[in-house]
Amino acid sequence: MSTETFEFQVEARRLLQMMVHSIYSNKDVFLRELISNSSDALDKLRLESLRDSSLDADVSDLHIDIEADKEARTLTVRDNGIGMSRDEVVELIGTIANSGTAQFLQELAEARKAEAAGESGGQAAADELIGQFGIGFYSSFMVADEVTLLTRRAGETQGTRWTSSGEGTYTIDTVDEAPQGTSVTLHLKPADTEDQLFDYTSPWKIREIVKRYSDFITWPIRMVTEQAAQQDAGSGSDGGDEADSGESADSGSGAADADGKQDGRDGQESAGAAAEPETLNSMKALWARSRDEVAEEEYHELYKHISHDWNDPLETIRLHAEGTFEYQALLFIPSHAPHDLFQQGAKRGVQLYVKRVFIMDDCEALLPTYLRFVKGVVDAQDLSLNVSREILQQDRQIQLMHRRLAKKVLSTIKEMQSSEPERYATFWREFGSVLKEGLLNDFENRDTLLGVASFASTHDKEEPTTLAQYVERMKDGQEHIYYITGDSRAAVENSPHMEAFRAQGIEVLLLTDPVDEVWVEAVPDFEGKQLRSVAKGEVDLGTEEEKKEKESAREQQQEEFGELLSWMTERLGENIKEVRLSSRLTDSPACIVTDTHDVTPALERMYRAMGQNVPHSKRILELNPGHALIQGLKRAHAEQSGEAERAGLEETADLVHSMALLAEGSELADPAAFVKAVADRLERTL
């Protein structure tokens, strides 16, 4: 097949231009990303060979080779893993399939802006973005003028070569003689230490990067020794096109020789072929080693490899289960929420191994959905190597691990809450909203979740509170834990529903996450104290003696306002269930409340957005009998009986209802009519 030339998609082209123009100070990350890709390819081949015995693939010596040619200024990273078909090359390399690319570009621009403004952390934020958005292959263009990828998928006979200089186009052609796996050859830019562009053909630099970022990779990462590299340089190799064709300086372990193919030099043998390769990484599974054998930095590098996050994790969790069913787990709580935490279809779950053999990258069955931010590795001893995603959902051992891992993560959060409040505050700020999802369906751990949760409240403008702390501060005679839901703290703090609670100094939880609307309906109480919305049902505050006094006064007011309440209920009957006097208002003339067992408007909208047909619930209009507007409305209703006068009263009743809706942040059914009515009233006052 002849060579074809393609154009990158628009976002990929923008991204390449940024890479080429050296936007990252830490350019070493390109090698870490290429090695990570090779490691994934080897994992996939091992798994595929176990599942498909007919697969024509050599898995006897799976490894990663690194070849550097000082004279030709090339660096090649080669693996004999699963490889790619031509269609996969076009899909995975020629385009960026990640939906977060636009966000990557936006966050990168913000990071660069912060750096230009001299803000601390601007460059660090930029350096962190490569792995986070899954664009590791493109990082090659930070250090290379041209990149060539040669690949052949295991089981296929023809390979594919992809080449680009990062200028907006790439070429693809078919190769008949290609080794199994993938090699990426970088034609390196000249070294420039001032620009943090090092000599990436230098063996010591390669060793440093591999040791720092990839020491835990379970496959051997090999490089010829310096002496062999010098011999190879002296043999007259031009190192460019030969690297593209898949040759290996290590004929004893290279993928090309494993397939019995020539190395592309017309039969000429490489001078360094007989040299013993040097294995650069320890290949030790960190989760299988005792904690005192592993440095914290090693855990952090494993986390970064798994999560593609360049920040250190907030917390490392180890678990070793023994007995009838043995498994080991090494889990990590990130220090910040990923960009796709709430995106539907986003990958989640931890890596699953069986007896050190990689099985699955995103095993959702091992942790509940509300812990989807947790990254890590679980290595089981007794599962079948052929376990599938369908079997995972039913497997009793998986369910046991699911329960134990969830409890371990939650106990770690609880311990962090009590012993490391600053780290807990970071955790809750990043993941509190998603953790609260567990209150909806994890009944077994609900008490634990309620215990580790914290909420904004009227007690302190800065520091959140736990439910246990709230209960400790409850006033004498207070029976319930009061809360209010809304879009923002400012909106709920200024809500009319808060007036009586503010006047009596009763603390109210301020719940502003969308999930709060749902979980408060599902959780009946905490330590015997019922959770009660200040915007639902009747409010009865104060001591028993105060309640008796209010009851007596309410009976008298009910008699005085009875006719007005009946008339307004009839007038507004299409929109409301009832008009009644309020015991929760001190300053506002009116407010809208939801009946005790009805669904709130916000929850109605949420259910409808999810496609559920929820019947509309009429709400209750409460009037403040002590407000001058309501008292005047009562007098006018008693005195005015003419048709024109009653028309004005009807308009006033409509305005009171509309103002109550606006005060709580709800939308009006007819905003234009409301504006016209207010304008007419204002005109008559002039």
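Quick look at the values:
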read-out: Segment 354-373, residues that are in a strand (DSSP E or B), touching a helix residue (DSSP H, G or I) at 6+ places or on another chain (Cβ under 9 Å), at pLDDT 75 or above and hydrophobic (A, V, I, L, M, F, W, C); value: 360, 363
read-out: Residue that is most open to solvent (accessible area, probe 1.4 Å), among those in segment 286-345 that are touching a Gly at 6+ places or on another chain (Cβ under 9 Å) and of a type in the set (Gly, Ala, Ser); value: 307
read-out: Number of positions in segment 521-560 that are open to solvent by less than 50 Å² (accessible area, probe 1.4 Å), in a helix (DSSP H, G or I) and touching a Leu at 6+ places or on another chain (Cβ under 6 Å); value: 1
read-out: Filter pass, residue 356 being within 26 Å of residue 59 (Cβ to Cβ) and surrounded by fewer than 14 Cβ atoms within 10 Å (Cβ to Cβ); value: yes
read-out: Sole residue being more than 20 Å from residue 579 (Cβ to Cβ), in a helix (DSSP H, G or I) and of a type in the set (Lys, Arg), chosen from 646, 681, 635; value: 681
read-out: Unique residue being surrounded by fewer than 17 Cβ atoms within 10 Å (Cβ to Cβ), at pLDDT 85 or above and not aromatic (Phe, Trp, Tyr) when the list is 62, 34, 55; value: 55
read-out: Evaluation of residue 221 against (1) over 17 Å from residue 70 (Cα atoms); (2) surrounded by fewer than 22 Cβ atoms within 10 Å (Cβ to Cβ); (3) modelled with pLDDT of 85 or more (one fails), failing number; value: (2)
read-out: Given (1) basic (Lys, Arg); (2) farther than 17 Å from residue 562 by Cα; (3) out of contact with any Ser or Thr (no Cβ under 8 Å at 6 or more places or on another chain); (4) in contact (Cβ under 8 Å) with a residue 40 or more places away in the chain, number of the condition residue 676 does not satisfy; value: (4)
read-out: Residue check for residue 306: touching a helix residue (DSSP H, G or I) at 6+ places or on another chain (Cβ under 8 Å) and under 24 Å from residue 62 (Cβ atoms); value: no
read-out: Residues being farther than 15 Å from residue 518 by Cα and open to solvent by less than 70 Å² (accessible area, probe 1.4 Å) - total across segment 597-624; value: 8
read-out: Test: residue in segment 484-498 that is more than 20 Å from residue 661 (Cα to Cα), surrounded by fewer than 21 Cβ atoms within 10 Å (Cβ to Cβ) and in contact (Cβ under 8 Å) with a residue 60 or more places away in the chain; value: no
read-out: Test: residue 570 is modelled with pLDDT of 90 or more, of a type in the set (Asp, Glu) and more than 49 Å from the chain's Cα centre (by Cα); value: yes
read-out: Evaluation of residue 509 against (1) buried (at least 20 other Cβ atoms within 10 Å of the Cβ); (2) hydrophobic (A, V, I, L, M, F, W, C); (3) more than 28 Å from residue 540 (Cα to Cα) (one fails), failing number; value: (3)
read-out: Filter pass, residue 588 being in contact with a Lys or Arg (Cβ under 8 Å, 6 or more places away or on another chain), in contact (Cβ under 8 Å) with a residue 24 or more places away in the chain and either farther than 20 Å from residue 651 by Cβ or among the small types (Gly, Ala, Ser) (or both); value: no
read-out: Checking residue 485 against (1) under 23 Å from residue 409 (Cβ atoms); (2) β-branched (Val, Ile, Thr); (3) out of contact with any Gly (no Cβ under 9 Å at 6 or more places or on another chain), the condition it does not meet; value: (1)
read-out: Filter result for the condition that a residue is at pLDDT below 90 and surrounded by 13 or more Cβ atoms within 10 Å (Cβ to Cβ), over 633, 649, 662; value: 649
read-out: Selected residue (criterion: surrounded by the fewest Cβ atoms within 10 Å (Cβ to Cβ)) from residues of segment 587-596 that are at pLDDT 90 or above and assigned to a loop (DSSP other than H, G, I, E, B); value: 587
read-out: Total residues in segment 333-368, condition of a type outside the set (Asp, Glu) and out of contact with any Asp or Glu (no Cβ under 7 Å at 6 or more places or on another chain); value: 18
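The values are calculated or read from the model by the stated rules, or taken from the named source; none is laboratory data. Because the structure is a prediction, the values reported are computed rather than measured. Heads up, the Cβs are rebuilt from the backbone with ideal geometry, glycines too, and the neighbour counts pull from every protein chain shown. Areas reflect the complete protein model, heavy atoms only, side chains present, ligands, DNA and RNA absent. Shrake-Rupley method; radii C 1.70, N 1.55, O 1.52, S 1.80 Å.
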